[in-house]
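The values are calculated or read from the model by the stated rules, or taken from the named source; none is laboratory data. Only a predicted model underlies this, so the values are computations on that prediction, with no experimental measurement involved. Every residue, glycine among them, receives a Cβ derived from its backbone with ideal geometry; neighbour counts consider all protein chains shown. Note: areas computed on protein heavy atoms with side chains; ligands, DNA, RNA excluded. Shrake-Rupley method; radii C 1.70, N 1.55, O 1.52, S 1.80 Å.
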Amino acid sequence: MLHTVVLSWQEALSSESAPFKIVSLSAGSLSKAVLCHSKDERPRNGGKREKNEMYLALLVIFLQCSGLYTQEGVFTFNTVEIKVQPSVKVKNGAPMSIVCRADISKSTDFQLKHNFTIFKDGKVVFMTVTDKEDAKYGIPVARSSDTGEYKCTVEARGKTKSSNSLHVWVKGMTKPILTAEKEEVLEGEVVKLRCELPEEVPPLYFFFRKIKTNSTPKEKSVFEPHRNFSEMEFSVEEADNILQFDCFGRRFVQREFEESEHSNTTLVTVREPFIKPTLNAKPSSNITEGDRIQFECSTVVARMRDIEILLQKNKTILKSVQDEVLKYSTVATLEDSGEYLCKVEQGRASKMTKLNVVVSELFPKPTLAASMSNLDENKELTLSCSISGFRKANFSILRKNSNGDILLKNSRNLTMRVNVNDTGSYTCKAEVKGIVKESKPVRINVYAPVSKPTLSVVSGLPEVVLGKPLWLICRSAMGTPPIIFTFYKGNEVKKRVTNDTYAMFLDENIRQNDKRGYKCDARNNHSSGMKTSNILNITVIVPIRDASLGSIPYGEVEDGSETAFLCSVKEGSWPIHFRLFRKTDREVLLFEQIENADRVMWHKKAMKKQDTGTYFCMASNRANVDVKSHPITISVILATWKKGVIAAFALILIVGAVTLALYWFLRKKKKAKGPSLEMSGSALATNLTSEKLTRQPNDGDYYSGSGYIEDNENHVKSADESKGPDLESEEVEYTEVEVSTLDPHRDSVENRHSRIQGHPDAT
């Protein structure tokens, strides 16, 4: 804000100061001092009029000066732009400038200080304050590390504006510098190298190359995420003489790799720690079996420390020494023909020499012949050993064994009577001039005859459930394997199996009425031929099917009466295991029995109320499958004779109650007649009784009691008035009850003749 501070004109009128005023104007960091002079410089002690004119002139000047200050310092930023010179892609090592320019609008032409700040990847790299509207950040030598996102910000008098981001790519990388730890090394040692990319910013990729004359360079790479140098080791191999090494770098920019030029070439000289060894065979590399051959391998070393010489053949080390010379001798055999290798090692360095040796055959391998290869026990066997075209040799016949060969005889021929334990492999050996050769083995098989085989069912019992597979096993207790077993069903061959002591057969085609028996025979290479087992007959067990349960009587059963339960099956092999259950809140086994029949009946002598419930039966046989019948419900009701007793007892109670009530009523009425009736009561009673007894019974009225007295109205008026309704109309009414007596004998006969309801086999 613009603040103007002026000396008060009232103070000026009363002040005796000089004929000018100082006005201070401030705006941010900008401040000015303005001196306004008056045109009248008259002395202070002039007249009053002159003073007033002077002050008036000063006031006018003050107002003009303050008007000038109020219009100064209004501006706004239009745009801020950032540019790169010469372009956004700059070659590595070339000069580069980042220019930031601000476009500003002002109210008047006045000077304005600008604060320019340039950022690279969010970090400040340049700052300046100037009254110009642009600023330049110069980079004399651009490097790849100058690649990035640039942005500038301009600030003036509290106002700030930023430019858009601009990506600058400095193409190319600095040339790497390669150094070697040693300029001269020995074979087997390593060369340590260091490659550095100065002025480059990680992450970086380093590539090292080992260059040999007339060969493809070997290259190794390393990724360095946090430093601008890397180190690498190369081993010095045999035949390396003068080695050259160089390196180069790569970095990932704008989704592509950028590669530096190759570094300086570093030379490394290689010295041999020892010369290539020499290998000789004495008397010659071409010798005959039985002759002694001697190998000699030697070298010359620069220093003896850690030197080793090895002689090997087909990856087998024959001898090794820690010296400059190795010697090795042996009696030559055919197996000694081949390539020999002498190898000298010291540290990581190694050199080798090869020599091919040919050993000529002194005599061929012997041949073992047998009179028979397969023979019966107790037969005679003859073995004979021979060498084609060569007879002077020491022969021996042996039997092969896992724990070592067994010598049978030091002779060309061997005859013996064999048994089963003599089965095995036999060889013979021949020795000439210390050279021993062995023939190919001959297999001899001695057979004992097979015993009569036994045929049985694997499960044990000679039976099978219909629909289930049948496994049979045929065994021969004696006989030299292999034994050939043959299975028959009837006279039909079903299967042949070759095994040692037993064989198994599976028959999955079992029928209910299959009457064919099974048998097997066994034979081996013994001359006695085959042996046949006994015939095995198999019982086919038919599983239980469709169990059912019925009862006599069915449904409702009188208490105390006998009930018969019949459980039967539609199909199943005997014997059959029948079980009868009653189910209320739990299942209770009532009866079980094994029968050689397809049904069983159980009698319950006296049924009780607690026997009410649901009944079912289960049947099973050796097929071990429980078949459950449909349940039936039995309700135990009251017996007929008990109903009659209860009815008779109820009738007696009703008649007794009625009689007692009538007696009570008549007695009460009699007492109500009073003592005045006692005299005439007897005569009247006699007449009334006679009269009542002569009345017909079909009128439905019955009378009982000592008397029903009729008198004139005057005589009983007082009593009639006191009793209410006319007593002549009162009569005792009786209800006729017809009692029908039940015949329990008749009912029992009817129940016995009723059929068994609920059972399909009931009659």
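Here Ile484 passes the criteria (1) outside any loop (DSSP other than H, G, I, E, B); (2) modelled with pLDDT under 90; (3) among the β-branched types (Val, Ile, Thr); (4) under 52 Å from the mean Cα position of the chain (by Cα) except the one numbered (2). Among residues of region 320-332 being of a type in the set (Val, Ile, Thr) and open to solvent by 40 Å² or more (accessible area, probe 1.4 Å), the one that is farthest from Val358 (Cα to Cα) is Val325.
The strands (runs of 3 or more DSSP E) found wholly in region 263-378 and carrying at least 2 residues that are at pLDDT below 85 occupy 349-360. Within region 478-494, residues that are of a type in the set (Lys, Arg) have Cβ atoms under 9 Å from residues that are in a strand (DSSP E or B) and open to solvent by 20 Å² or more (accessible area, probe 1.4 Å) in these pairs: Lys489/Lys519; Lys494/Tyr488, counting only partners at least 6 apart in sequence or on another chain.
Yes/no per residue for (1) modelled with pLDDT under 90; (2) in contact with a Pro (Cβ under 7 Å, 6 or more places away or on another chain); (3) of a type in the set (Val, Ile, Thr):
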{"residue": "Val88", "(1), (2), (3)": "yes, no, yes"}
{"residue": "Gly93", "(1), (2), (3)": "yes, no, no"}
{"residue": "Ser97", "(1), (2), (3)": "no, no, no"}
{"residue": "Leu112", "(1), (2), (3)": "yes, no, no"}
{"residue": "Phe119", "(1), (2), (3)": "no, no, no"}
{"residue": "Lys123", "(1), (2), (3)": "no, no, no"}
{"residue": "Lys132", "(1), (2), (3)": "yes, no, no"}
{"residue": "Tyr137", "(1), (2), (3)": "no, no, no"}
{"residue": "Pro140", "(1), (2), (3)": "no, yes, no"}
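Considering only residues in region 387-432 that are touching a residue at least 40 places away in the same chain (Cβ under 8 Å) and among the charged types (D, E, K, R), the one that is surrounded by the most Cβ atoms within 10 Å (Cβ to Cβ) turns out to be Lys429. If you take the residues of region 253-301 that are open to solvent by 60 Å² or more (accessible area, probe 1.4 Å) and within 13 Å of Lys351 (Cβ to Cβ), which of them is farthest from the chain's Cα centre (by Cα)? For region 253-301, the residue satisfying everything is Val300. Within region 487-506, being farther than 23 Å from Val420 by Cβ and either assigned to a strand (DSSP E or B) or in contact with a helix residue (DSSP H, G or I) (Cβ under 7 Å, 6 or more places away or on another chain) (or both) holds for Phe487, Tyr488, Lys489, Glu492, Val493, Lys494, Lys495, Arg496, Met504, Phe505, Leu506. Just one of the numbered conditions (1) of a type in the set (D, E, K, R); (2) open to solvent by 60 Å² or more (accessible area, probe 1.4 Å); (3) outside any loop (DSSP other than H, G, I, E, B) is not true of Glu155: (2). Of everything listed in (1) in contact with a Leu (Cβ under 8 Å, 6 or more places away or on another chain); (2) among the β-branched types (Val, Ile, Thr); (3) more than 30 Å from Pro469 (Cα to Cα), the single unmet condition for Val645 is (1).
Restricting region 533-570 to residues that are among the hydroxyl-bearing types (Ser, Thr, Tyr) and either free of Cβ contacts under 8 Å to residues at least 40 places away in the same chain or in contact with a Lys or Arg (Cβ under 6 Å, 6 or more places away or on another chain) (or both) leaves a set whose member that is farthest from Val464 (Cα to Cα) is Thr563. Of all residues in region 468-477, those being in a loop (DSSP other than H, G, I, E, B) and surrounded by 13 or more Cβ atoms within 10 Å (Cβ to Cβ) number 2.
Residue check: His526 meets all listed conditions (1) of a type outside the set (S, T, N, Q); (2) closer than 20 Å to Gly460 by Cα; (3) in a loop (DSSP other than H, G, I, E, B) but one, namely (2).
So that you can scan it fast, the table gives a plain yes or no per residue for (1) within 59 Å of the chain's Cα centre (by Cα); (2) over 18 Å from Ser384 (Cα atoms):
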residue: Arg399; (1), (2): yes, no
residue: Thr415; (1), (2): no, no
residue: Lys429; (1), (2): no, no
residue: Lys440; (1), (2): yes, no
residue: Leu455; (1), (2): yes, yes
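Among the conditions (1) within 30 Å of Thr330 (Cα to Cα); (2) in a strand (DSSP E or B), the only one that Ser402 does not satisfy is (2). Among the residues of region 346-354, not a single one is under 20 Å from Ile435 (Cα atoms), surrounded by 14 or more Cβ atoms within 10 Å (Cβ to Cβ), over 55 Å from the mean Cα position of the chain (by Cα) and not assigned by the TED database to the domain that holds Val436.
Of all residues in region 555-573, those that are closer than 13 Å to Lys604 by Cβ and either modelled with pLDDT under 85 or outside any strand (DSSP E or B) (or both) total 6.
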